[in-house]
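Data first, discussion second: the structure below is written as structure tokens.
Taken together, the values in this text are just the output of simple stated rules run on the coordinates, not laboratory data. Keep in mind that this is a model prediction, so the values were computed, not measured. We place every Cβ from the backbone using ideal geometry, glycine too, and count neighbours over all the protein chains shown.
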Amino acid sequence: MENKVLVVYYSLEGNTKLIAEAISKAVSGDILQIKPKKDINPKSKMRYLIGGKKSITKEKPELLPYDIKAEDYDVLFIGTPVWAGNFAPAMRSFFAGTNLKHKKIALFSCNGGGNGKTFENMKSELQGNEFLGEIEFKNPLKNDPEKNVEKAKKWAEDVCKRL
Ligand SMILES: Cc1cc2nc3c(=O)[nH]c(=O)nc-3n(C[C@H](O)[C@H](O)[C@H](O)COP(=O)(O)O)c2cc1C
């Protein structure tokens with residue numbers, strides 16, 4: 001039977017969105033963008049401070065409703081920006097509201113230079129699943145977007161070869 005593939009991501013400033021869309025195209029997967037009901041203004045100069053605090057205090061913001069059920073998929077690509085060395089709070093809400101077990105999961109992130117404990121912490125939230133790979137991107141919108149899109153596509157295709 002064909003594997004059902006879902007790309008789930010959060011993005012405040014569009015970097016993770018760029019990569020998520022490239023992956024979903026490369027692997028013909030469905031795509032789910034999660035968003036807090038009240039998100040930070042991506043143009044705010046205070047966004048690092050506000051978002052960093054939310055990440056450190058492990059906030060779980062209420063998400064806008066979505067009708068995709070991640071549990072119905074076999075393979076998930078899960079992507080987040082790095083906030084204060086960790087995955088973004090919206091992803092924490094997603095993990096808390098989803099029961100993912102026995103799935104094949106690949107992780108991707110966008111950061112400004114350091115991935116911190118993002119993947120380790122995601123894996124600890126996602127225990128009971130098999131991990132197929134992980135990859136990080138440095139602000140892909142600012143650093144040769146096309147090259148990063150190619151890198152994402154190639155990685156996603158390689159991940160699918162491991163299925
Ligand atoms: C609240 C906040 C905290 C951040 N913390 C980090 C960090 O700890 N390390 C890092 O390398 N980049 C950090 N960044 C930069 C983002 O991870 C980076 O710009 C990423 O590409 C943004 O992805 P997005 O456009 O999908 O939101 C932070 C950005 C924000 C808004």
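Taking the alpha carbon gyration tensor of the stretch 39-163, what are the square roots of 5 times its eigenvalues, largest first, to the nearest whole Å?
Equivalent ellipsoid semi-axes, largest first: 23, 20, 13 Å.
Please find, in a Gaussian network model of the chain (springs between Cα atoms separated by less than 10 Å), the residue of Gly52, Gly97, Gly116 whose mean-square fluctuation is greatest.
Gly97
Taking 8 Å as the Cα distance limit and 6 or more residues as the minimum spacing, I'd like the relative contact order of the chain as a percentage. Kindly include the intermediate steps, with their values, before the conclusion.
Working: 293 pairs, mean separation 41.3, N = 163.
Once divided by the residue count of the chain, the mean separation gives 25 percent.
Do the alpha carbons of any pairs in Lys69/Lys104; Lys38/Lys58; Lys37/Lys103; Lys45/Lys117; Lys4/Lys69; Lys69/Lys101 sit beyond 21 Å of each other, and which pairs? Before the final figure, lay out each step's value.
Working: Lys69/Lys104 15 Å; Lys38/Lys58 16 Å; Lys37/Lys103 28 Å; Lys45/Lys117 25 Å; Lys4/Lys69 12 Å; Lys69/Lys101 13 Å.
Pairs exceeding 21 Å: Lys37/Lys103; Lys45/Lys117.
Below 16 Å, Cα to Cα, which aspartates and glutamates can Lys25 reach? Residues fewer than 8 away in the same chain don't count.
Glu146, Glu150, Glu157, Asp158
Determine Rg/Rh for the stretch 1-79; Rg is computed over alpha-carbon atoms and Rh is the Kirkwood hydrodynamic estimate from the same atoms. Please list the in-between numbers first.
Details: Rg = 14.3 Å, Rh = 14.0 Å.
That ratio is 1.03, to two decimals.
Just flag the trypsin sites (Lys or Arg not before Pro) in the stretch 47-152 sitting in loop per DSSP whose Cβ has no more than 16 other Cβ atoms within 10 Å. Don't skip to the answer; put the middle values down first.
Working: sites: Arg47, Lys53, Lys54, Lys58, Lys69, Arg92, Lys101, Lys103, Lys104, Lys117, Lys123, Lys138, Lys142, Lys147, Lys151; in loops: Lys58, Lys69, Lys101, Lys103, Lys117, Lys142.
Here the trypsin sites (Lys or Arg not before Pro) that fit, given the DSSP loop and packing criteria, are Lys58, Lys69, Lys101, Lys117, Lys142.
Estimate the FRET efficiency between Tyr66 and Lys25 by the formula 1/(1 + (r/R0)^6), using the beta-carbon distance for r and 22 Å for R0, to the nearest 0.05.
Numbers: r = 20 Å, r/R0 = 0.90.
E between Tyr66 and Lys25, to the nearest 0.05, is 0.65.
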